[in-house]
Amino acid sequence: MTVISDWSADKAQDFGGEVLTFQHELHNRPMFDDDGLTDLLDRYPRDRLGVFTMGDDPVDWRTWRRGTAGAVPGRDLLAMAREGRIWLNLRAVNDHLPDYAALADEVFADKQTHVPGLHTFKRDLGVLISSPNAQVFYHLDVPLVSLWQIRGVKTVWAWPAAAPFVGAEALEAVVLRETAEQMAFDPAWDAGAVRTELTPGRMVTWPQNGPHRIENGPMLNVSLSMEFMTPPALMRANILYANGLLRRRLGLDPTFPPVFSPAGLAKAALARAAKLVNLAAPNDRVLPVTFNLETEVPGKAVRRAA
């Protein structure tokens, strides 16, 4: 079965280099109905479950707070997501549950079949279950990302990984893990974004490191976030890492060479060596836990499903 139904030669050529949308059929699968999601929440390792809440202002990313789900059953977690203001992030489900590992294999096989020369690794299939009107603030990711809408409607704004939307030093800081992926946002930048409305059965992907932000519609949302690397993407990340070290350690203003050029290969080697001896001082970027869904549901008084 083909997961994506509207591959074309142009989309295959531009995959990973442009903001692209696709049609898919994953939203029709029973694993994403209420019973399937309840089962997923009960089986997924509870200590790996990301639980977050946030404010309404897209500029105020510091309202992003981390919580814990305790021993709340899956069905109640789903009800809390439907009625409160939370964002449940199940990272790397494919590393923990065989049915999701099979789904990841199916999706990436489809991509590699249709994109000539594509080789993916470091695959992370995450499931996002989030409340009506919840948002993810302006941020960027180190890997390549595709976002698959399963239930509900959300709007995605995506920008190129370039000034004024993100500068070289800010991008290097994320790769070096000096800062979180979230960063300052100017609402005027929305005019320069590619805006995509995701409905069930649509997927969007954007170039590596492209800043983006997300707002849910007024209903429960379920999405799949699929992160992955390719050889050029890994080279790019290592060059950014090396540039960050050269800027911070030696006061240089490094350029970004073609990824597989001699200079690019040299910078990638520098990054690998630096990681081995821990030249960078990474920030663990772990937010403190500020709420527990056993006693508090942000945006909604505690009410358990029957």
Please find, among LEU118, LEU103, the residue that is more than 30 Å from ASP60 (Cα to Cα), among the hydrophobic types (A, V, I, L, M, F, W, C) and in a loop (DSSP other than H, G, I, E, B).
LEU118
What is the one condition in (1) more than 19 Å from TRP61 (Cβ to Cβ); (2) within 18 Å of the chain's Cα centre (by Cα); (3) assigned to a helix (DSSP H, G or I) that ALA191 does not satisfy?
(2)
If a residue has to be more than 26 Å from PHE32 (Cα to Cα), in a strand (DSSP E or B) and aromatic (Phe, Trp, Tyr) to count, how many in segment 135-161 make the cut?
1
Name the residues in segment 143-167 that are more than 18 Å from PHE15 (Cβ to Cβ) and out of contact with any Lys or Arg (no Cβ under 8 Å at 6 or more places or on another chain), would you?
ILE150, ARG151, GLY152, VAL153, LYS154, TRP159, ALA162, ALA163, PRO164, PHE165, VAL166, GLY167
Filter result for the condition that a residue is of a type in the set (Ser, Thr, Tyr) and farther than 30 Å from ASP47 by Cα, over THR205, THR290, THR199:
THR199
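Give the residue, chosen from ARG65, ARG75, that is more than 30 Å from ASP190 (Cβ to Cβ), basic (Lys, Arg) and buried (at least 16 other Cβ atoms within 10 Å of the Cβ). Break it down stepwise before answering.
On the way: ARG65 fails: more than 30 Å from ASP190 (Cβ to Cβ).
Sole residue among the options that is more than 30 Å from ASP190 (Cβ to Cβ), basic (Lys, Arg) and buried (at least 16 other Cβ atoms within 10 Å of the Cβ): ARG75.
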Go through segment 207-237 residue by residue and tally those that are of a type in the set (A, V, I, L, M), touching a helix residue (DSSP H, G or I) at 6+ places or on another chain (Cβ under 7 Å) and closer than 19 Å to GLU172 by Cα.
2
Of everything in segment 179-200, what is touching a Leu at 6+ places or on another chain (Cβ under 8 Å) and modelled with pLDDT under 95? Give them in sequence order.
GLU181, MET183
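Report yes if HIS114 is without any contact (Cβ under 8 Å) to a residue 60 or more places away in the chain and either surrounded by fewer than 18 Cβ atoms within 10 Å (Cβ to Cβ) or under 20 Å from MET203 (Cα atoms) (or both), otherwise no.
Numbers: without any contact (Cβ under 8 Å) to a residue 60 or more places away in the chain: no; either surrounded by fewer than 18 Cβ atoms within 10 Å (Cβ to Cβ) or under 20 Å from MET203 (Cα atoms) (or both): yes.
Criteria not met by HIS114.
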Show the residue pairs that are 6+ apart or on different chains and have beta-carbon atoms under 6 Å apart, the first residue being within segment 75-92 and on the phi < 0 side of the Ramachandran plot, the second being part of a helix (DSSP H, G or I) and surrounded by fewer than 21 Cβ atoms within 10 Å (Cβ to Cβ).
ARG75/THR38; LEU78/THR38
LEU176 passes all but one of (1) among the hydrophobic types (A, V, I, L, M, F, W, C); (2) at pLDDT 95 or above; (3) crowded, with 21+ Cβ neighbours inside 10 Å; which number fails?
(2)
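Which residue is surrounded by the most Cβ atoms within 10 Å (Cβ to Cβ), if the candidates are limited to segment 215-240 and must be hydrophobic (A, V, I, L, M, F, W, C) and over 20 Å from GLY16 (Cβ atoms)? Write out each step before concluding.
Taking segment 215-240 as the starting set, the residues that turn out to be hydrophobic (A, V, I, L, M, F, W, C) are 219-220, 222, 224, 226, 228-229, 233-235, 237, 239-240.
Restricting the remaining residues to those that are over 20 Å from GLY16 (Cβ atoms) gives 219-220, 222.
Working: MET219: 13, LEU220: 20, VAL222: 22.
My answer is VAL222.
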Regarding ARG123, is this residue farther than 30 Å from ASP76 by Cβ, part of a strand (DSSP E or B) and over 16 Å from the mean Cα position of the chain (by Cα)?
no
Go through segment 194-227 and give me each residue that's assigned to a strand (DSSP E or B), among the hydrophobic types (A, V, I, L, M, F, W, C) and under 20 Å from ARG85 (Cβ atoms).
LEU198, ILE214, VAL222
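Do the conditions hold for VAL115, that is, is it under 14 Å from the mean Cα position of the chain (by Cα), aliphatic (A, V, I, L, M) and either over 23 Å from TRP7 (Cβ atoms) or modelled with pLDDT of 95 or more (or both)? Lay out the reasoning, then the answer.
Details: under 14 Å from the mean Cα position of the chain (by Cα): no; aliphatic (A, V, I, L, M): yes; either over 23 Å from TRP7 (Cβ atoms) or modelled with pLDDT of 95 or more (or both): yes.
When the stated conditions are applied, VAL115 does not pass them.
Would you be able to say whether some residue in segment 129-140 is of a type outside the set (Ser, Thr, Tyr), out of contact with any Pro (no Cβ under 9 Å at 6 or more places or on another chain) and more than 25 Å from ASP57 (Cβ to Cβ)? Before you say what the answer is, go through the steps one by one.
Going residue by residue through segment 129-140, those that are of a type outside the set (Ser, Thr, Tyr) are 129, 132-137, 139-140.
This time we only want the ones that are out of contact with any Pro (no Cβ under 9 Å at 6 or more places or on another chain), so: 129, 134, 136.
From what's left, more than 25 Å from ASP57 (Cβ to Cβ): none.
No, there is no match, as no residue in segment 129-140 is of a type outside the set (Ser, Thr, Tyr), out of contact with any Pro (no Cβ under 9 Å at 6 or more places or on another chain) and more than 25 Å from ASP57 (Cβ to Cβ).
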Return the residues of segment 33-62 that are surrounded by fewer than 20 Cβ atoms within 10 Å (Cβ to Cβ), at pLDDT 95 or above and in a helix (DSSP H, G or I); say none if nothing qualifies.
ASP34, ASP35, GLY36, THR38, ASP39, ASP42, ARG43, ARG46, ASP47, ARG48
Residue check: is ASP95 within 18 Å of the chain's Cα centre (by Cα), free of Cβ contacts under 8 Å to residues at least 40 places away in the same chain and closer than 27 Å to ASP34 by Cβ?
yes
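The values are calculated or read from the model by the stated rules, or taken from the named source; none is laboratory data. Everything quoted here is computed from the prediction, not taken from an experiment. Every residue, glycine among them, receives a Cβ derived from its backbone with ideal geometry; neighbour counts consider all protein chains shown.
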